[in-house]
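S.K.: One structure, pasted below without further comment.
The values are calculated or read from the model by the stated rules, or taken from the named source; none is laboratory data. Owing to the predicted nature of the structure, the values given are computational and were not obtained by experimental measurement. FYI the Cβ positions are ideal-geometry reconstructions off the backbone, even for glycines, and counts take in every protein chain you see. Side chains included, ligands, DNA and RNA excluded: accessible areas come from the protein's heavy atoms. Shrake-Rupley method; radii C 1.70, N 1.55, O 1.52, S 1.80 Å.
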Amino acid sequence: MRGLPALGAWLALFGGLTGCAGAEAPSASAAQPPVLAQAAVTPAPQLSPSAAAAAPGASSGTVSMAPTPPRVPPQIAEQALVDAREAMQKKQWTRLDELVPTASATPLVGSYAQYWALRQRVTNPTLPIPQAELQQFMATNSDDYLADRIKADWIVAAARAGDYATVNQLGPVVNSNASVDCSRLMAQHLTGQAVTEQQAIQAFEPVSACWSMLDQLVEHKVVGWGALQFELRAILETSKTGNAQRMAALMFDGAHMRSYAALMKDPRKWLATQKAPATREQRELVTLALSRLARGKDRVEAESYIEKNWASKVARQDMQWVWGQFGLIAALNVEAQAVRWYRRSGSAPMTDYNHAWEVRSELRQTPINWKEVDRAILKMTAEQQAEPVWVYWRGRAMAGQGDSGTARKFYASLRNELSFYGQLAVEELGEPLSLPPAPVPVTQAEFDQAQANPDLQRAIKLFRLGWRPEAVPEWNFALRGMNDRQLRAAAELARYEQIYDRVVNTSLRTKDEIDFSQRFVAPFEGRVTEKARLIDLDPAWVYGLIRQESRFITDARSRVGASGLMQLMPATARWVAKKIGMTDFTPSSVNDFDTNTILGTSYLDMVLQKLDGSQLLATAGYNAGPGRPVQWRSKLTGTVEGAVFAETIPFTETRLYVKHVMSNAVYYSMMFTGQSQSLKQRLGTVSPQAARQVALP
């Protein structure tokens with residue numbers, strides 16, 4: 001484990017890091033140690049035998065699959081582990097087994113080789129479950145995270161094999177998932193333990209283990225028609241027709257499934273062959289077919305067809321649900337008439353997703369009918385109404401109806417929400433936005449304890465190997481049970497190791513000690529600020545965007561191929577490089593700090609200029625493509641405040657992204673200037689403007 005520089009030297013050289021407010025620009029060194037409070041430095045705690053086994057230089061102590069050499073040089077062991085991971089990724093199982101004995105000698109992380117080999121055998125249904133080796137791995141492995149992972153794999157495999165007694169004996173896991181939860185519920189049910197419909201539906205996700213569970217519980221009449229109906233309708237909202245078909249197969253017999261397939265292919269054609277429904281199954285099939293008409297090109301014509309041919313033949317609540325589907329599809333296409341269909345949906349039960357869009361459709365009206373906004377929110381479940389977003393808009397609805405006293409109560413309940421709607425609520429109260437008071441700094445002893453934590457050290461080792469998929473869950477697992485002081489010490493350790501996403505994410509877990517120097521860390525010694533100011537961009541906005549894009553991980557890569565701090569797509573990077581005359585650009589340089597920030601800030605500035613200097617629209621354009629906010633704006637019926645435009649963005653990822661970036665920018669601006677800021681002013685207003693081409697990638 002690395003030692004730390006003397007505390008006194010730290011305080012002399014790096015004093016004042018935790019007080020960002022009042023600074024012109026971020027100046028925290030990427031490599032500098034954290035500033036710690038003066039405190040008596042106590043010796044690092046003695047490690048338990050299991051933890052000591054995971055300390056640097058120690059063998060992992062887990063089960064071997066081949067004789068382990070008595071002494072393996074660390075470099076050779078680590079190279080074997082790297083080769084083992086490559087073998088695992090390429091599914092070269094024989095090669096992996098050969099590497100396990102040597103790779104297992106790697107300090108801290110050698111048990112990964114054994115885990116990969118065991119996992120392959122456990123998850124392969126053609127192989128017997130190696131129970132003795134699994135038990136030994138779980139009993140002797142010093143890596144609690146991997147022991148928990150292999151236990152989860154074992155539970156799913158045992159349930160698949162029908163060994164429900166073993167599933168029950170293994171019990172719960174710390175890091176569970178839908179497959180584990182459904183496997184355990186099925187085992188409980190099939191061994192005579194009570195399982196409720198609510199438990200099953202709450203656990204269900206469209207994965208193999210959950211489908212198996214649902215098959216059993218439907219057959220044994222634990223899960224009934226009503227629950228399946230709601231789930232089927234909810235799945236159809238997401239357009240995942242394969243999952244919907246499988247859910248439908250639990251509800252309908254062969255003949256009805258043929259009708260289901262026909263209506264999904266061409267609902268209008270199928271409806272032409274039908275009479276007034278008489279049975280439960282027929283009513284549901286007709287209702288589904290009518291709802292599918294909302295996805296056609298002419299929803300208004302489809303509405304007329306339904307009114308003329310079917311409205312009187314379908315139950316009132318089913319017809320209301322159909323109009324809710326018309327409202328949803330229209331809202332997702334930012335059509336003004338969405339609100340008309342939603343108002344016809346009455347009290348029909350809808351998903352949280354659809355209830356949210358009913359409120360958003362009301363917010364897009366100009367002028368806003370606040371009574372209808374309030375009515376739409378009150379249709380939600382109590383749990384959904386309690387979410388900060390709807391608490392804020394409920395407050396606005398109360399204020400819009402003249403009840404300022406109730407409105408202030410809603411706003412006040414959000415005062416401690418350090419987020420987009422918390423900021424807006426404080427402004428509605430007429431109070432200036434401020435940063436929370438800085439907590440007492442982490443002490444040297446607290447930092448030392450974090451640094452001595454073998455689970456955190458294991459995660460750090462994985463980060464140094466560049467294995468983020470393994471490192472992040474290891475780090476998160478190590479945080480379980482930590483109090484606020486321990487979490488902040490772990491965040492300081494992450495800062496010291498320059499793992500900036502863990503600085504932010506770890507600090508976000510604290511409940512009472514809120515450390516903005518961690519939550520809104522601003523690394524790279526102002527170099528981001530320098531790039532922003534070269535082209536007259538607001539540094540706080542750029543930092544807010546990077547915090548959301550990459551959490552300051554320079555080699556971050558998204559699932560769609562975007563790279564670097566500012567998450568540039570390869571084609572966009574090439575286009576911007578050519579546009580600004582960057583002659584030395586190569587695709588491999590996109591993760592380089594200077595290259596990425598120059599290209600990213602240049603592109604952001606281009607988007608900003610094309611979108612009338614609106615940070616709100618430019619943020620949306622940076623995420624979804626600059627043409628999208630232009631299209632959304634063109635469908636407005638009047639000027640709306642920026643918060644309304646942000647809340648009604650039809651892409652979930654972009655909507656959340658915009659709110660996070662704009663909120664981040666306000667906090668960074670307060671930290672850099674030491675002055676209060678206004679989120680409402682930063683958001684501005686958005687007015688209708690005809691659609692046009694935006695000549696940017």
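S.K.: Looking only at segment 246-262, decide whether some residue is open to solvent by 60 Å² or more (accessible area, probe 1.4 Å), among the basic types (Lys, Arg), in a helix (DSSP H, G or I) and under 25 Å from Tyr342 (Cα atoms).
M.R.: For segment 246-262, residues open to solvent by 60 Å² or more (accessible area, probe 1.4 Å), among the basic types (Lys, Arg), in a helix (DSSP H, G or I) and under 25 Å from Tyr342 (Cα atoms): absent.
S.K.: Could you check segment 557-603 and list, in sequence order, the residues that are within 24 Å of Lys659 (Cβ to Cβ), aliphatic (A, V, I, L, M), open to solvent by less than 20 Å² (accessible area, probe 1.4 Å) and out of contact with any strand residue (DSSP E or B) (no Cβ under 7 Å at 6 or more places or on another chain)?
M.R.: Leu565, Met566, Leu568
S.K.: Being open to solvent by 60 Å² or more (accessible area, probe 1.4 Å) and in a helix (DSSP H, G or I) is the filter; apply it to segment 674-697 and report the residue that is farthest from Gly613 (Cα to Cα).
M.R.: So the residue we want is Lys680.
S.K.: Regarding Ala577, is this residue in contact with a Phe, Trp or Tyr (Cβ under 9 Å, 6 or more places away or on another chain) and closer than 18 Å to Thr673 by Cβ?
M.R.: no
S.K.: Still on this model: Only one of Trp357, Trp323 is of a type outside the set (A, V, I, L, M), at pLDDT 95 or above, touching a helix residue (DSSP H, G or I) at 6+ places or on another chain (Cβ under 8 Å) and more than 22 Å from Arg396 (Cβ to Cβ); which?
M.R.: Unique residue meeting the criteria: Trp323.
S.K.: Something else about it: Does segment 300-351 hold any residues that are among the charged types (D, E, K, R) and touching a Phe, Trp or Tyr at 6+ places or on another chain (Cβ under 6 Å), and which are they?
M.R.: The answer is Arg344, and nothing else.
S.K.: Inspect segment 640-656 for any residue being of a type outside the set (Val, Ile, Thr), at pLDDT 95 or above and over 26 Å from the mean Cα position of the chain (by Cα) and give the result as yes or no.
M.R.: Checked against the condition, which is being of a type outside the set (Val, Ile, Thr), at pLDDT 95 or above and over 26 Å from the mean Cα position of the chain (by Cα), segment 640-656 yields at least one hit.
S.K.: Checking the condition modelled with pLDDT under 95, part of a helix (DSSP H, G or I) and more than 21 Å from Gln457 (Cβ to Cβ), which residue from Ala87, Ala139 passes?
M.R.: So the residue among Ala87, Ala139 that is modelled with pLDDT under 95, part of a helix (DSSP H, G or I) and more than 21 Å from Gln457 (Cβ to Cβ) is Ala139.
S.K.: While we're on this one: With (1) without any contact (Cβ under 8 Å) to a residue 40 or more places away in the chain; (2) open to solvent by less than 50 Å² (accessible area, probe 1.4 Å); (3) more than 22 Å from Gln131 (Cβ to Cβ) as the list, and Glu219 as the residue in question, which single condition is left unmet?
M.R.: (2)
S.K.: Restricting the search to segment 299-341, which residues are open to solvent by less than 30 Å² (accessible area, probe 1.4 Å) and not in a helix (DSSP H, G or I)?
M.R.: Trp310, Val314, Val334
S.K.: I need the full set of residues from segment 460-494 which are basic (Lys, Arg) and open to solvent by 10 Å² or more (accessible area, probe 1.4 Å), in order please.
M.R.: Lys461, Arg464, Arg468, Arg480, Arg485
S.K.: Can you find a residue that is open to solvent by 10 Å² or more (accessible area, probe 1.4 Å) and under 22 Å from Gln567 (Cβ atoms) anywhere in segment 633-649?
M.R.: Among the residues of segment 633-649, not one is open to solvent by 10 Å² or more (accessible area, probe 1.4 Å) and under 22 Å from Gln567 (Cβ atoms), which makes the answer no.
S.K.: Here is a follow-up. Just for helices (runs of 4 or more DSSP H) wholly inside segment 368-483: which have at least 1 residues that are aromatic (Phe, Trp, Tyr) and in contact (Cβ under 8 Å) with a residue 40 or more places away in the chain?
M.R.: Fully inside segment 368-483 and qualifying: 388-400, 420-428, 444-452, 468-478.
S.K.: Can you name the residue in segment 146-173 that is among the β-branched types (Val, Ile, Thr) and free of Cβ contacts under 8 Å to residues at least 40 places away in the same chain and is also farthest from Gln131 (Cα to Cα) among such residues? Talk me through it step by step, then tell me what you get.
M.R.: Start the filter on segment 146-173 by keeping residues that are among the β-branched types (Val, Ile, Thr), which leaves 150, 155-156, 166-167, 173.
Checking which are free of Cβ contacts under 8 Å to residues at least 40 places away in the same chain leaves us with 150, 155, 166-167, 173.
On the way: Ile150: 11, Ile155: 11, Thr166: 10, Val167: 12, Val173: 17 Å.
Here the residue is Val173.
S.K.: If only one of Gln193, Gln199 is over 24 Å from the mean Cα position of the chain (by Cα), open to solvent by 20 Å² or more (accessible area, probe 1.4 Å) and not aliphatic (A, V, I, L, M), which one is it?
M.R.: Gln193
S.K.: Kindly check whether there is at least one residue in segment 568-576 that is among the hydroxyl-bearing types (Ser, Thr, Tyr), farther than 25 Å from Ser687 by Cβ and modelled with pLDDT of 95 or more.
M.R.: Taking every residue of segment 568-576 in turn, at least one turns out to be among the hydroxyl-bearing types (Ser, Thr, Tyr), farther than 25 Å from Ser687 by Cβ and modelled with pLDDT of 95 or more.
S.K.: Hey, can you tell me all the residues within segment 487-505 that are touching a helix residue (DSSP H, G or I) at 6+ places or on another chain (Cβ under 7 Å) and in a helix (DSSP H, G or I)?
M.R.: Passing the criteria: Leu487, Arg488, Ala489, Ala490, Ala491, Glu492, Leu493, Ala494, Arg495, Arg502, Val503, Val504.
S.K.: From Leu418, Leu433, which residue is crowded, with 18+ Cβ neighbours inside 10 Å and either over 30 Å from Leu508 (Cα atoms) or of a type in the set (A, V, I, L, M) (or both)?
M.R.: Leu433
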